[in-house]
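I have placed the structure first, in the form of structure tokens, so that the comments after it can refer back to it.
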Amino acid sequence: MTEEANTTRATRHGPRERGAGEPDLRRVGIDPHFWYPVARSASLPRNGVRATSFAGERIALYRGAGGTAYALEDRCAHRQVPLSLGVVDGETLRCCYHAWAYRGNGHISRIPYLPKGADRPPRGVRSYPVRERYGLVFVFPGDPARAAGTPLPVLPEAESARHRTMMFARTVRCHYSFLHENLLDMNHQFLHRGVLGRIQPKLLGYDTGPRSVEARYLFVPSGGRKDRGAGLLSAEGVGGASTPDVVTIRTEYPYQTLRTVPESSDTAAFSLWAAYVPEDAEQRVSRVFGLLMIAKPSIPGALHLAWPLIRRFTERVFAQDRMAVEAEQRAWDEQGADWNQEVFPLILDVRKVLRANGATLSPSPASSGCREAGTCAATGENAPG
């Protein structure tokens, strides 16, 4: 191939969106110093234990007999067997192998067969701060000293009697940044033409800052067949008329929100909060947690009747979006770099925000660094719990 042909191919297909010295966004890790949902509260009953993960760090969640949820590094300090295979005993978690017992702070509370006077292990396992709200279990995977000063997301509608909340938890095989771009860029409505009908999204404007990007669109229906659930959810809520909606979407690092208000109203028909939680160390697989908060209509029971149709509609839209973002990730994997030819300034700006607030990807899980640095909890038969 000639030098000229090589140049043409690089111009058409090679990486060109990043500025000099900027890292490939798909190689930027998410900042761990925030509260991230890792499970539904309902999936963790009393005396129950389950496995989860954050960016390659395997985590064992368990709920003690008193109802408190705890999160520990998911490997016993003894033989590295997953603690998520263990048994809850009161407020402790026993390894399934040799029954070593761990308190919720990661300290070893008991080794059943340890002779008196024998040397004890130097430390236990890492523990993670845990909070529960909105029906979700949140963990703080960053520096535990920063957890108390970091607020949970504020979602008053999720706790309002005037709203009903639909929860989602789905795995998507892509880097979290693709998900931010997908929701923020409403120019992809052609993808949903079989569900939403024909929609003409018009960007009314957007604002960007060091940690956020917020865009406002006007959604104008222009015909086509619409899923019945879409009609119930949009416009003025259940039973509303088919009028244009103002849709506001905001990436407020690391979360994302969407709010839909009919043009003829001051009240949101529904709002969405979403968190994208990397599962693997390379952060190419994300767990999507979403809360769809829908305003209850004036007709008693109407939302209850419409609920199955709304659920079906949202699942159809999500399936189409998942297909698209997973295809983007596959292209990145095949090409070994981001060869996107992006032209939308809004998306270029959100990429800058995600890069600036992200973290360097670690070559190994942070839990191993925890052991090497000696930052895990100290142990002992009578260690304070």
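The values are calculated or read from the model by the stated rules, or taken from the named source; none is laboratory data. All figures in this text were calculated on a predicted structure; none of them were measured in a lab. Cβ placement follows ideal geometry from the backbone for every residue including glycine, while neighbour counts extend to all protein chains displayed. For accessibility, only protein heavy atoms count, side chains too; no ligands or nucleic acids. Shrake-Rupley method; radii C 1.70, N 1.55, O 1.52, S 1.80 Å.
Amide H contacts under 5 Å for Glu279: Ala55, Val285, Ser286, Arg287, restricted to partners 5 or more places along the chain or on a different chain, H placed in the peptide plane at 1.01 Å from N. Placing a pseudo-label 7 Å from each Cα along the Cα-to-Cβ vector at Glu252 and Arg133 gives an inter-label distance of 1.1 nm. Length gained on full extension, Arg27 to Ala99: 21.9 nm, using 0.36 nm per residue less the C-alpha separation. Modelled spin labels at Glu282 and Arg79, positioned 7 Å past Cα toward Cβ, are 3.2 nm from each other.
Out of the total accessible area of the range 31-121 (probe 1.4 Å, heavy atoms of protein only), what percent is carbon and sulfur? Walk me through the intermediate numbers first.
Numbers: 1970 of 3820 Å².
For the range 31-121, the apolar C and S fraction of the accessible surface comes to 51 percent.
Couplings for the range 166-182, taken from phi via the Karplus curve 6.51 cos²θ - 1.76 cosθ + 1.60 with θ = phi - 60°, read 9, 9, 10, 8, 9, 8, 10, 8, 7, 5, 4, 5, 4, 6, 4, 5, 4 Hz in order; Gly and Pro are left as x. Modelled this way, with points 7 Å down the Cα-to-C-beta line, the labels at Leu191 and Met323 are 1.0 nm from one another.
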